[in-house]
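We did not get these values from a lab; they are worked out from the coordinates using the rules stated. Remember, predicted model here, so these are calculated numbers, not experimental data. For neighbour counting, all protein chains shown are included, and Cβ atoms are generated from backbone atoms with ideal geometry for every residue, glycine included.
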Amino acid sequence: MDRELKGKVAIVTGASRGIGKALASTCASLGANVAIAARQEGPLKETADEISKKYKVEVLPVPCDVTKLEDLQNLVNKTKEKFGKIDILINNAGVSSQYPFHEQPIEDFERLSHTNYLGYVRLIRLVINDMMKQKSGAIINMVSGSTLCDPLPRNFLVYSSLKVGLRAFLKGLFWEIRDYGIKVTSLLPGVTDTDLTGKLKEISQDSSRLMTTEAIENAVKFALTVPANVCPLEIAIINQQTPWTAPVIPFKQQHPGK
Ligand SMILES: NC(=O)c1ccc[n+]([C@@H]2O[C@H](COP(=O)([O-])OP(=O)(O)OC[C@H]3O[C@@H](n4cnc5c(N)ncnc54)[C@H](OP(=O)(O)O)[C@@H]3O)[C@@H](O)[C@H]2O)c1
């Protein structure tokens, strides 16, 4: 087996299932020890046991709600106590909320921004000084293929605009810290078959449009194994028949003239 990350330590958020679980497995398969985070302790522990048994690395489950600053600090502290350092951060925890804007529950805005934007930026802030001292590090972030659409996909305005902001932040961050040897990568996946899209009923009905996590795992493997003087800044992995361009998300409003 390829163990190119042997001796490295990774944190993966939102790693109890879906894309995060797949990426924690990717890091482990390459030999890294991994701290995995999610809110529900049971599934997180099961995932940790499964990955550590399969790949013979240490996997530390840390219950963590990324919307809470104290939980993020605890995640960093626990990882450093156990493994001594952090080489790789995979910011992945995210939630979805699909509504025409005027019908979207107003409470969702805070949850979305604290999970899908602030959670990422805060966790990076908590690891960045150590990475700067090490003069190395990789920060990989699950953004979204929806950020490539202009205008943004209907019914995804708040979710997608937060991801647009995140993408802009990450690109700027790379230029700001690149002299410290730190790589910053944004992944822009298309619609992927996970619990998150399971809730997007209209898309899932046409299951041939959904990707598995395999291509995203390969992209992360690529990002983590390129030569030290290369940074894959953005990687878009889009469905061959992307739902956004041929809208399959029904919207009640009729366009004028139709
Ligand atoms: N699936 C797609 O089509 C797609 C496309 C583009 C981008 N993305 C992005 O990819 C990321 C992962 O999505 P996914 O499809 O794998 O979702 P998923 O299957 O629903 O998994 C989400 C993971 O995040 C955790 N999580 C949710 N809220 C959290 C919080 N506040 N604190 C800590 N952990 C939390 C969940 O565990 P708990 O519930 O136990 O906390 C779970 O482990 C998200 O950022 C999403 O926006 C997904």
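In table form, for the structure just shown:
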| read-out | value |
| --- | --- |
| In Hz, Karplus ³J(HN,Hα) per residue of the stretch 93-98 (6.51, -1.76, 1.60; θ = phi - 60°; x = Gly, Pro) | 3, x, 10, 10, 7, 10 |
| Length-normalised contact order for the stretch 9-237 - Cα pairs under 8 Å, 6+ apart - percent | 18 percent |
| Centre separation in Å (Cα based) which lies between the stretch 95-150 and the stretch 35-55 | 22 Å |
| In Hz, Karplus ³J(HN,Hα) per residue of the stretch 175-186 (6.51, -1.76, 1.60; θ = phi - 60°; x = Gly, Pro) | 5, 6, 10, 5, 5, 8, x, 9, 8, 10, 10, 9 |
| Placed amide H near LEU89: partners under 5 Å, 5+ positions off or other chain | ILE11, ALA138, ILE139, ILE140 |
| Built amide H within the under 5 Å cut-off of VAL95, gap 5+ | ASN116 |
| C-alpha long axis of helix 69-83 to longest principal axis of the chain, angle in ° | 40 degrees |
| Long-range amide H partners of ALA236 with built H, under 5 Å | LEU188 |
| Reachable lysines from LYS68, criterion Cα separation under 27 angstrom, eight or more residues apart if same chain | LYS8, LYS21, LYS45, LYS78, LYS80, LYS82, LYS85, LYS133, LYS163, LYS171, LYS183, LYS199 |
| Peptides ranked, highest mean first, by Cβ atoms within 10 Å: ranges 26-38, 225-237, 50-62, 113-125 | 26-38, 113-125, 50-62, 225-237 |
| Debye log10 I(q)/I(0) for the chain, one point scatterer per Cα, at q = 0.07, 0.11, 0.13 Å⁻¹ | -0.23, -0.57, -0.80 |
